[in-house]
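The values are calculated or read from the model by the stated rules, or taken from the named source; none is laboratory data. Model, not experiment: these values are computed from the prediction. Note that each Cβ is placed from the backbone with ideal geometry, even for glycine, and that neighbours are counted across all protein chains shown. When the accessible area is computed, the model is the full protein with side chains, heavy atoms only, and any ligands, DNA or RNA have been set aside. Shrake-Rupley method; radii C 1.70, N 1.55, O 1.52, S 1.80 Å.
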Amino acid sequence: MDLPPVGLGTMGIDDPSAIATALDAGYRHLDTAQIYENESVVGEGLADSPVPREDVTLATKLWVDSLAPEDVEPGTQASLDRLGVDRVDLLYVHRPRGGYDPEGTMAALEAVHAEGLTEHLAVSNFTPEQYERAQSNCDVALVANQIEFHPLFQQADLLEHARAHEYTVVAYSPLAGGEVFDVPEIQAIADKHDASPAAVSIAWVLSHENVVTIPKASSREHLEANLAARELQLDPEDIERIDGIEREVELFPE
Ligand SMILES: NC(=O)c1ccc[n+]([C@@H]2O[C@H](COP(=O)([O-])OP(=O)(O)OC[C@H]3O[C@@H](n4cnc5c(N)ncnc54)[C@H](OP(=O)(O)O)[C@@H]3O)[C@@H](O)[C@H]2O)c1
């Protein structure tokens, strides 16, 4: 599926005007989840915006308590009701935990897809092995795996797997929730390009094939800056220098 390089992560956004501002600034991919408890906020922002619904990729995620096979359809319907839409574009399994069962859950997701409640299916926080097991139980392509990916948590094996199996990596927490701002290597590269550490981090994430990202921002200034980071061209030596950072900061471990 064709996702824009920079979408909006909405975890923590509780004001519909931030969503409408993001759409006005040019965002066309909105990422929410049941567990963020803001699907109605995202839906309200989308409804308030003059940007047509069909121009926006709307994604949500079934939390672990909606993954038992009998809970998938009612859980999806509840999300659609909160979002105020008939279907989403992307429906994720948020984590392979709780009621998740590779056979039953994936069959239930296939049914939800056949019913037209979502355009595409995807997974999040899956290892390559978990992705393959899920896909082998599902006739519908799993178009993405949404994972934590930033300069302080580089998942080379997973990226390689995504390239080999031709699915998109949706990189979450591309700024490591702000942790990247104080990293000397990133600060130095930012100074060299007269850019911000946030822009450098996003540009490094986007320098990888098959990867799009969803930074969370609430102010218009941050929203616009993160979208503009698409334009920042890092030099090969900048990318190598960031590749060489060996701090492992995983914000959302299993
Ligand atoms: N699938 C999963 O399990 C999972 C887990 C975690 C997150 N996610 C998704 O990924 C999204 C992003 O991750 P995240 O919220 O953890 O972290 P993040 O995007 O790495 O960082 C967000 C933080 O950086 C600040 N910020 C954003 N742009 C900035 C800029 N240009 N300059 C300075 N500061 C800036 C934001 O502040 P302001 O808000 O003040 O702008 C916020 O405090 C989430 O919203 C969610 O949609 C998914």
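Restricting to the range 74-89, and then to whatever is within 20 Å of the chain's Cα centre (by Cα) and charged (D, E, K, R), can you tell me which residue is most open to solvent (accessible area, probe 1.4 Å)?
Ranking the qualifying residues of the range 74-89, first place goes to R82.
Given (1) assigned to a loop (DSSP other than H, G, I, E, B); (2) touching a Lys or Arg at 6+ places or on another chain (Cβ under 7 Å); (3) on the phi < 0 side of the Ramachandran plot; (4) not hydrophobic (A, V, I, L, M, F, W, C), identify the lone condition not met by E119.
E119 satisfies all of (1) assigned to a loop (DSSP other than H, G, I, E, B); (2) touching a Lys or Arg at 6+ places or on another chain (Cβ under 7 Å); (3) on the phi < 0 side of the Ramachandran plot; (4) not hydrophobic (A, V, I, L, M, F, W, C) except (1).
Looking at S196, S207, S173, S201 in this structure, which one is within 15 Å of the chain's Cα centre (by Cα) and among the polar types (S, T, N, Q)?
S173
Among the residues of the range 21-42, which ones are open to solvent by 10 Å² or more (accessible area, probe 1.4 Å), on the phi < 0 side of the Ramachandran plot and touching a residue at least 40 places away in the same chain (Cβ under 8 Å)?
Those that are open to solvent by 10 Å² or more (accessible area, probe 1.4 Å), on the phi < 0 side of the Ramachandran plot and touching a residue at least 40 places away in the same chain (Cβ under 8 Å): T21, A25, Q34, I35, S40.
Report, by residue number, each residue of the range 144-161 that is within 15 Å of the ligand (Cβ to nearest atom) and either open to solvent by less than 20 Å² (accessible area, probe 1.4 Å) or in a loop (DSSP other than H, G, I, E, B) (or both).
Selection gives A144, N145, Q146, I147, E148, F149, H150, P151, L152, Q154, Q155, L158.
Go through the range 1-20 and count every residue that is away from the ligand (no atom under 11 Å from the Cβ), open to solvent by 10 Å² or more (accessible area, probe 1.4 Å) and under 30 Å from S207 (Cα atoms).
Total meeting the criteria: 6.
Do you know which residues across the range 207-223 are more than 6 Å from the ligand (Cβ to nearest atom) and of a type in the set (G, A, S)?
Matches in the range 207-223: S207 only.
Checking the condition more than 10 Å from the ligand (Cβ to nearest atom), at pLDDT 95 or above and either in contact with a Leu (Cβ under 8 Å, 6 or more places away or on another chain) or open to solvent by 60 Å² or more (accessible area, probe 1.4 Å) (or both), which residue from E179, E166 passes?
On inspection, the qualifying residue turns out to be E166.
Considering the range 68-92 alone, what residues qualify as being of a type outside the set (D, E) and in a helix (DSSP H, G or I)?
Result: P69, V72, P74, G75, T76, Q77, A78, S79, L80, R82, L83.
Does Q130 meet the test of being at pLDDT below 95 and either under 19 Å from V64 (Cβ atoms) or within 16 Å of the ligand (Cβ to nearest atom) (or both)?
When the stated conditions are applied, Q130 does not pass them.
Can you tell me which residue is nearest to D71 (Cα to Cα) among those in the range 23-38 that are within 11 Å of the ligand (Cβ to nearest atom) and either among the small types (G, A, S) or in a loop (DSSP other than H, G, I, E, B) (or both)?
Out of the qualifying residues, it is A33.
Among the numbered conditions (1) without any contact (Cβ under 8 Å) to a residue 60 or more places away in the chain; (2) assigned to a loop (DSSP other than H, G, I, E, B), tell me where R95 comes up short.
Exception for R95: condition (1).
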